[in-house]
Amino acid sequence: MTLRIDYTNMMGDVVKGGIAASDWQSAGDAFKRAHAGLGKRRDAGDLGFLALPDDDALRRQSTDFANTTRGKFDDVVVLGIGGSALGPIALRTALLEPAWNTLSKEERKGQPRMHVLDNVDPRTIGALLDRLDLERTIFVVTSKSGGTAETMAQYLVVRGRLDAKLGARAVEHLVFITDPTSGALRPLSKSEGITALDIPSNVGGRYSVLTPVGTLPAALVGVDVTAMLAGAGDMGKRCEAETLSKNPGATYAVLQHAADVKKGRHIHILMPYSDPLRDMADWFVQLWAESLGKHKVAGDPGFGPTPLAALGATDQHSQVQLFMEGPGDKTLTFITVDDVPVDVTIPSLHGGVKELAYLGGHKLGELLAVEQRATAGALARRGRPNLTLRLDRVDAWHIGALFMFLEAATIHAGMLYGIDPLNQPGVELGKNFTYAMLGRPGSDEARKEWDLLPKPNPNRVV
């Protein structure tokens, strides 16, 4: 079981405009500094996600609670936003059967359906709540601070419905995932008797998928959480290596950083050739964007690459034209899967039609793999750097490894860029303006600042 990186098509001796040998050599020195910086942050206790695979007590919080729910619920609903939602969505897509929520209870082997409400659009939320049987539904409320406006609004709507339908039993249909000691949800859980699981204080939201943020929803629908954490642990050890060629997370970070700062490749695209991994790309976008898009000092133009999500082979027919012939400001990371557990043979029909006949006898998995290799080769031929992450298969172990790989890569990249990959100051102002307009106590200064902003000019509205 493993995850490998083939970065042949990133190098200048293969791809015109790729990373030069001299730049790769100097990148080795940069890696040593970045890896040392990661070590300092880890030793200071800042990188709590690295310790999650070995935190058996935290794992048991999820598995033990899930065991108490067996047979009680037909639907699990996750309330969250950002990393609190993107991680569970990626897990659901990767590790459950396709169209899971449409399967019968027998086809799901008795496991519940899983829904993730990751926005506050009333049409989506209202429609789901209207069709759920609240007697058979459990709601997972995820907010580390307990102050996330969107998630707390979701919770209040759900709580109102549960109280009206179930009365005092409403608390039996709720579980909180939050900070162990602080925030609004922890005291609420104690006063109302609602189970609360921990997001360790030193684990930020976008790095939290291996905490109960991801492991509880996964355990509730029967995913092997122990295997997932084992895969993450294996990758975590590989990413401790002090030699660049043996450290996959650092290798990825150094490649992307060098392509950005040396070659102007500012847009980093993650393109799985696997439907189960399609939502991993969205999870990666938040991780890379929110961690690396920063000011170094106030007033500077800002730093950091722009991540994009794509899906092979689907986006060969939408975005690849731009990737191939548009501005040369991109790298592509493909994800491929070697072992496809279910494949479909293409029948040999219409032998007289050349556009169809050649496909007969091949398999869909083969077609998908060939298209990925063809796209990677064509991009390289056009001077478009790309690399490929190869997974043996899509299972809990490999998904855990992939999560840890990308998280470790992100921290290394932050060290290379010279920014803090753990904070997100750029989103705070918008939050404060929201609080001010909705009348949250303590928002007076934000309200004053909001009132000074230019308002829409009717002469400039078409």
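The values are calculated or read from the model by the stated rules, or taken from the named source; none is laboratory data. Because the structure is predicted, anything quoted here is derived from the model rather than measured. So basically every Cβ, Gly included, is an ideal-geometry build from the backbone, and we count neighbours across all protein chains shown. Areas reflect the complete protein model, heavy atoms only, side chains present, ligands, DNA and RNA absent. Shrake-Rupley method; radii C 1.70, N 1.55, O 1.52, S 1.80 Å.
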Can you tell which of Ala401, Ala374, Ala409 is under 22 Å from His317 (Cβ atoms) and aliphatic (A, V, I, L, M)?
-> Ala374
Picking from Leu58, Leu50, which residue would you name as being modelled with pLDDT of 95 or more and open to solvent by 40 Å² or more (accessible area, probe 1.4 Å)?
-> Leu50
Options Asp329, Asp315; residue that is acidic (Asp, Glu) and within 22 Å of the chain's Cα centre (by Cα) = Asp315
Tally time: how many residues in the range 10-40 are surrounded by 15 or more Cβ atoms within 10 Å (Cβ to Cβ) and farther than 22 Å from Thr410 by Cβ?
-> 6
Which of (1) under 23 Å from the mean Cα position of the chain (by Cα); (2) surrounded by fewer than 24 Cβ atoms within 10 Å (Cβ to Cβ) is the odd one out, the single condition Cys239 does not satisfy?
-> (2)
Search result, residues across the range 408-441 that are open to solvent by less than 40 Å² (accessible area, probe 1.4 Å), of a type in the set (A, V, I, L, M) and more than 30 Å from Ala241 (Cα to Cα) | Ala436
If we take the range 287-384, then helices (runs of 4 or more DSSP H) inside it with 3 or more residues that are out of contact with any Leu (no Cβ under 8 Å at 6 or more places or on another chain) and either open to solvent by less than 20 Å² (accessible area, probe 1.4 Å) or within 30 Å of Arg206 (Cα to Cα) (or both) are 364-381
Hey, Arg393 hits all of (1) out of contact with any Asp or Glu (no Cβ under 7 Å at 6 or more places or on another chain); (2) of a type outside the set (A, V, I, L, M); (3) open to solvent by 50 Å² or more (accessible area, probe 1.4 Å) but one; which does it fall short on?
-> (1)
Condition set in a strand (DSSP E or B) and open to solvent by 10 Å² or more (accessible area, probe 1.4 Å), scope the range 193-212, selection nearest to His173 (Cα to Cα): answer is Thr195
Pair list, Cβ under 6 Å, 6 or more apart: the range 186-208 residue under 21 Å from Leu162 (Cα atoms) and in contact (Cβ under 8 Å) with a residue 12 or more places away in the chain, other residue of a type in the set (S, T, N, Q) and in a helix (DSSP H, G or I) | Ala196/Ser189; Leu197/Gln61
Cross-chain or 6+ apart pairs with Cβ under 8 Å, the range 21-34 first and among the charged types (D, E, K, R), then not in a helix (DSSP H, G or I) = Asp23/Gly12; Lys32/Glu242
Which listed residue, of Thr226, Thr215, is in a helix (DSSP H, G or I), open to solvent by less than 10 Å² (accessible area, probe 1.4 Å), among the hydroxyl-bearing types (Ser, Thr, Tyr) and at pLDDT 95 or above = Thr215
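Table: residues versus (1) touching a Phe, Trp or Tyr at 6+ places or on another chain (Cβ under 7 Å); (2) among the polar types (S, T, N, Q).
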site	(1), (2)
Ala409	yes, no
Gly414	no, no
Gly418	no, no
Asn423	no, yes
Glu428	no, no
Phe433	yes, no
Leu438	no, no
Ser443	yes, yes
Arg447	no, no
Restricted to the range 351-403 and to residues being of a type in the set (Lys, Arg) and closer than 23 Å to Pro327 by Cβ, the residue nearest to the chain's Cα centre (by Cα) is Arg384
Any idea which of (1) over 23 Å from Tyr7 (Cα atoms); (2) at pLDDT 95 or above is the one Glu325 doesn't satisfy?
-> (1)
If a residue has to be more than 17 Å from Ala196 (Cβ to Cβ) and of a type in the set (A, V, I, L, M, F, W, C) to count, how many in the range 56-76 make the cut?
-> 1
